[in-house]
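Enquirer: Take this structure, written in structure tokens, and hold onto it; I'll ask about it next.
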């Protein structure tokens, strides 16, 4: 059997990869995917710790995170579509209209 | 879950995650992320969360990933510069080091929790549809009903945002577009 700490280590690594993705890529769609990657890393930690303490709460939280991620994906992609329509770019560096 | 299977799935998840952030072609990024999601679904099932594992595959891979692919197809975005371009190399290096430090810090915190090393057996009903539904519809009932409101609001919001309104974009279109030569080329083609 795999101890829970291995799952937590995998979760930490996936979260860090998501952070790197947001930091090094300028394409908003890839940045969005990296954010989803971080959400999933946290989901893994929730399920693993929920199993450790023998509680269903962790899985219920994962269910809610999935719902929020679906809503976030729908609204976020709609924003990206609207942004691309107006500026014809998905590069985050070129979207500097509100920059001081 | 046996240790070798976990090692295999963990390696697959990390490869998929690295592919997600390092590939140049956006479709490859999304497919790498789909690999991570399926992999995590299997890990959930191995942890006893069978319902959540199946939901992960159906909702994430079946719906959200298809939405991403659909948007990439709709925008017709060509392969971008990948990790090159954008911020300077020093900033990227700093970001990567900071993220690695974050992972190391999390791991140190976890390794100081001795109870995480124990292996605990669970009841066979743990993670089944009935158990999940019982918790969901008793203790989390209000939160569950609120999610339906959230989904409704996000549907309306997504439609409102993605819809093209007549005359709405005129003011924004008047601004000089700072897009690449590709956009200018496209505009010339239309003209």
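The values are calculated or read from the model by the stated rules, or taken from the named source; none is laboratory data. This structure is a prediction, so every number in the text was calculated from the model and none was measured. Cβ placement follows ideal geometry from the backbone for every residue including glycine, while neighbour counts extend to all protein chains displayed.
Enquirer: Could you check segment B:120-162 and list, in sequence order, the residues that are part of a loop (DSSP other than H, G, I, E, B), at pLDDT below 90 and surrounded by 15 or more Cβ atoms within 10 Å (Cβ to Cβ)?
Expert: Correct list: B:126, B:127, B:128.
Enquirer: Looking at B:63, B:7, can you tell me which residue is in a helix (DSSP H, G or I) and facing chain A (nearest Cβ under 7 Å)?
Expert: B:63
Enquirer: Would you call residue B:93 facing chain A (nearest Cβ under 8 Å) and surrounded by 11 or more Cβ atoms within 10 Å (Cβ to Cβ)?
Expert: When the stated conditions are applied, residue B:93 does not pass them.
Enquirer: Here is a further query. For segment B:16-33, name all the residues that are within 8 Å of chain A (Cβ to nearest Cβ) and either surrounded by 18 or more Cβ atoms within 10 Å (Cβ to Cβ) or in a loop (DSSP other than H, G, I, E, B) (or both).
Expert: Those that are within 8 Å of chain A (Cβ to nearest Cβ) and either surrounded by 18 or more Cβ atoms within 10 Å (Cβ to Cβ) or in a loop (DSSP other than H, G, I, E, B) (or both): B:17, B:20, B:21, B:26, B:29, B:30, B:33.
Enquirer: Please work out if residue B:36 is at pLDDT 90 or above, facing another protein chain (nearest Cβ under 7 Å) and within 18 Å of residue A:61 (Cβ to Cβ).
Expert: no
Enquirer: Before we move on, is residue A:45 more than 7 Å from chain B (Cβ to nearest Cβ) and either in a helix (DSSP H, G or I) or more than 20 Å from the chain's Cα centre (by Cα) (or both)?
Expert: When the stated conditions are applied, residue A:45 passes them.
Enquirer: If only one of A:51, A:25 is at the interface with chain B (Cβ under 7 Å from one of its Cβ atoms) and more than 17 Å from the chain's Cα centre (by Cα), which one is it?
Expert: A:51
Enquirer: Out of segment B:110-119, which residues are facing another protein chain (nearest Cβ under 9 Å) and either assigned to a loop (DSSP other than H, G, I, E, B) or closer than 18 Å to residue A:50 by Cβ (or both)?
Expert: Within segment B:110-119, B:110, B:113, B:115, B:116, B:117, B:118, B:119 qualify.
Enquirer: Oh, and also: Considering only segment A:70-100, state which residues are under 18 Å from the mean Cα position of the chain (by Cα) and more than 7 Å from every other protein chain (Cβ to nearest Cβ).
Expert: A:72, A:76, A:92
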